[in-house]
1. Given the criteria modelled with pLDDT of 95 or more, in contact with a strand residue (DSSP E or B) (Cβ under 8 Å, 6 or more places away or on another chain) and closer than 30 Å to A:LYS230 by Cβ, does A:GLU268 qualify?
2. Could you list, in sequence order, all residues of region B:170-193 that are among the polar types (S, T, N, Q) and surrounded by fewer than 23 Cβ atoms within 10 Å (Cβ to Cβ)?
3. For the structure I just gave you, tell me whether A:ASP60 is assigned to a helix (DSSP H, G or I), of a type in the set (Asp, Glu) and surrounded by fewer than 16 Cβ atoms within 10 Å (Cβ to Cβ).
4. Anything in region A:404-420 that is of a type outside the set (Asp, Glu) and more than 11 Å from A:ARG115 (Cα to Cα)? List them, or say none.
5. Out of the residues in region B:2-36 that are away from chain A (no Cβ under 14 Å) and in a loop (DSSP other than H, G, I, E, B), which is modelled with the lowest pLDDT?
6. With respect to B:ASP315, is the statement that it is more than 23 Å from the chain's Cα centre (by Cα), under 30 Å from B:MET404 (Cα atoms) and either in contact (Cβ under 8 Å) with a residue 60 or more places away in the chain or away from chain A (no Cβ under 14 Å) (or both) true?
7. Go through region B:214-237 and give me each residue that's over 13 Å from B:ASP396 (Cβ atoms) and surrounded by fewer than 20 Cβ atoms within 10 Å (Cβ to Cβ).
8. Within region A:249-267, is there a residue that is within 24 Å of A:VAL142 (Cβ to Cβ), in contact with a Leu (Cβ under 8 Å, 6 or more places away or on another chain) and not assigned by TED's automatic domain parsing to the domain that holds A:THR318?
There are 2 protein chains.
Amino acid sequence: MSVLSESEIKEQVFMMGKQARAAALKLASLTTSQKNEILKAMALSLRAATSEIVAANKKDLSAGEVKGLSAAMLDRLRLDSERVEQIAAGVEQVSLLEDPVGEILSEWDRPNGLRFEQLRVPIGVIGIIYESRPNVTSDAAVLCLKSGNATILRGGSEAIHSNRAIASALQSGGEPAGLPAHSIQLIPFTDRASVKVMAEMDQYLDLIIPRGGKGLIETVVSLARMPVIKHYDGICHTYVDSEADLEMAVAIANDAKTQKPSVCNALETLLVHESVAAAFFEKAIPVFAQKEVEWRADKRAQQYLPHSVPAVEEDWHTEYLDYVLSVKVVDHLQEAIDHINHYSSKHSECIVSQNKVTAETFMSSIDSACLFHNVSTRFSDGEEFGFGAEIGISTDKLHARGPMALRELTSYQYRIRGEGQIKGK
Amino acid sequence: MSVLSESEIKEQVFMMGKQARAAALKLASLTTSQKNEILKAMALSLRAATSEIVAANKKDLSAGEVKGLSAAMLDRLRLDSERVEQIAAGVEQVSLLEDPVGEILSEWDRPNGLRFEQLRVPIGVIGIIYESRPNVTSDAAVLCLKSGNATILRGGSEAIHSNRAIASALQSGGEPAGLPAHSIQLIPFTDRASVKVMAEMDQYLDLIIPRGGKGLIETVVSLARMPVIKHYDGICHTYVDSEADLEMAVAIANDAKTQKPSVCNALETLLVHESVAAAFFEKAIPVFAQKEVEWRADKRAQQYLPHSVPAVEEDWHTEYLDYVLSVKVVDHLQEAIDHINHYSSKHSECIVSQNKVTAETFMSSIDSACLFHNVSTRFSDGEEFGFGAEIGISTDKLHARGPMALRELTSYQYRIRGEGQIKGK
């Protein structure tokens, strides 16, 4: 922790905001090739700084051990030369992505001769508030840079030395290649007050993206005066319809639950049509048993699942992120739709059915970001969408919904050209 | 004022939120022609309720006179049969606009056979918090309805009787024509606590649009947990370039300042290149004198404007909304750009120049919603853009920027179709 007072923190963070605003105006006018040259120079600089970054990370790891961080948290925090190489390769990868800035979104003329153009422009200054993983420092900053935005990064205290070393490598590599000063700034201290100050400075920050646990997101949502794009839970559902191919249904549900249960697009609640329940569970039980999945079953599902735990109301609201699955037998499609619209976190849902009309009814009746027909919800991911990168998955409905990549880091502007048109007369 | 306690207000408003969420799911699946039939029925119902609406409005006007509202405020509040007819005609007009819901925004395939579709869907439930004008009750509700959204309306106390009468006519006309119950709800009391409660219920409200003075907007921005799309100031600039057609420049500046000075797209600060300042002001002085425009001039502009008032720092930050204009002479294009980027509210700016390269540099260097070349900023308006209607002009950069109409009241959803794809193996 630093020894700064709250007013000193405010002064420093506001100064960073002002500098970021100035940098953003310069960034907005860089060409795609200028930005790509900067990114390539940053990747080289990260590689050249590998030993400094790993050494800084050792300080964080030692402090984390003293603090008693769990083995899983220490692993998330750890950087070795291979992981630094992955971060650098990620920066190069972003240099290969299409630049969204300048894309013409629409063009039209009006009878009075005015010519309208709507085109993509950067958002401006984006604040990223994140927790332990130090790779976010680079991943988030370079996606913002490619889309023409300045960033103010505020990482967690556990990774502060690693974050500083990474940010420093990005800046020192980027600036000789043309990166405007203050395009990427890391708040050098991790006092909680800095989050509050960021949330207040809406004259300098156009958007905050919090990446971390629910506590962090709640804090940012409560305090922020500017837009926040966030990711709450991923309570994803799969519905096995009466006309499902049951082999496919078992494979999809098993993949969605067990292929990587710790992620937001993993399955949490399975809904099964009563007419196929017996046959489905007969096939599913041995498959799920291989990963020792715990079933939390409603009354009717319990009939088919002798080793299940009775589900309680809380289960339908729970993102387990583990080898646990809540399961309910439903009478008809509408019951599945109603259950999902009531309990879902509006992230991703799947229907397994050979009946296309049923599938279309399901997809057009549910208010979630991503709806899948005969596809595992594990495909709800920027890479799988073909976006080439992902800054997060939004469970909001404004501006960006679902997987967010470069386009979602842009705004737009209207340019209107005429020959002296006036409104009067 | 009502006699409800804060907890009673919370209970009632949360119940309205829950009902709106249920209505939104039904609204999302209405077809365009169903929505249009509902709108036409609402217009008829408004016309049939003219005498009730005018009588309710008389109560508001009497209360307003007792309260000592200004003549301008009383005029904004006033409804006669002609104004009710305008409101009804506005509803019919919305029935003729294109429905944005269901539009395919993009479609693509991936090598693994997944087919992606991104399509427009309604946002869900939109809260509108507004002040005196009772026509907003209808205008906002029907734009939200056409775009498939439920609304919770919270009008000002001055117009409560008028708002109730209008909302009641919309509901009673719409429901027999198929409007789902609770699609349009007016909060029946005007306690300040209801704004606070709306700002907190992010499980039920997807978006709040505050329409009114800066105080109201500040309150909503500070309290809201959900996205807010707002309109702060319109501090609009016009820059007269060294290569301007000066007749055109005078006509554009005069139109932008005096054709309707009380609106957000009116001109507030004029910037003039020093090489044309003498000639420009010679032509401009008599034209602006016709409307007795007060000039607030920087030192150099004072040389050309003998009857001007010296501009102070505050002037560059001021939205006069009156026959007052701040004016500054600049040495070059970049000085104009820098001034605008520093002082503008990012609404609308204009350059007058015969040089297209200069104009393009201006437009690509300024971070505002709408940039005009040789066009009065008074065209910064949904109607003039050809949107057919406008729910407001956003000075934000996320989700919606500039004039907002039906498209800006939508979100999107991804639908992904496959044949059993799973991520594992």
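The values are calculated or read from the model by the stated rules, or taken from the named source; none is laboratory data. Note that the structure is a prediction, hence the values are computed from the model and not measured. Because the Cβ atoms are built from the backbone with ideal geometry, glycine has one as well, and the counts that use them run over all protein chains shown.
1. It is true that A:GLU268 is modelled with pLDDT of 95 or more, in contact with a strand residue (DSSP E or B) (Cβ under 8 Å, 6 or more places away or on another chain) and closer than 30 Å to A:LYS230 by Cβ.
2. B:GLN171, B:SER172, B:THR190
3. On the way: assigned to a helix (DSSP H, G or I): yes; of a type in the set (Asp, Glu): yes; surrounded by fewer than 16 Cβ atoms within 10 Å (Cβ to Cβ): no.
Taking the combined requirement at face value, the residue does not satisfy it.
4. Step one: of region A:404-420, the residues of a type outside the set (Asp, Glu) are A:404-407, A:409-418, A:420.
Scanning region A:404-420 gives A:MET404, A:ALA405, A:LEU406, A:ARG407, A:LEU409, A:THR410, A:SER411, A:TYR412, A:GLN413, A:GLY420.
5. B:SER2
6. Against the criterion (more than 23 Å from the chain's Cα centre (by Cα), under 30 Å from B:MET404 (Cα atoms) and either in contact (Cβ under 8 Å) with a residue 60 or more places away in the chain or away from chain A (no Cβ under 14 Å) (or both)), B:ASP315 qualifies.
7. To start, the set of residues in region B:214-237 that are over 13 Å from B:ASP396 (Cβ atoms) comprises B:214-216, B:218-219, B:222-223, B:225-226, B:234-237.
Listed by number, the residues that qualify are B:LYS214, B:GLY215, B:LEU216, B:GLU218, B:THR219, B:SER222, B:LEU223, B:ARG225.
8. no
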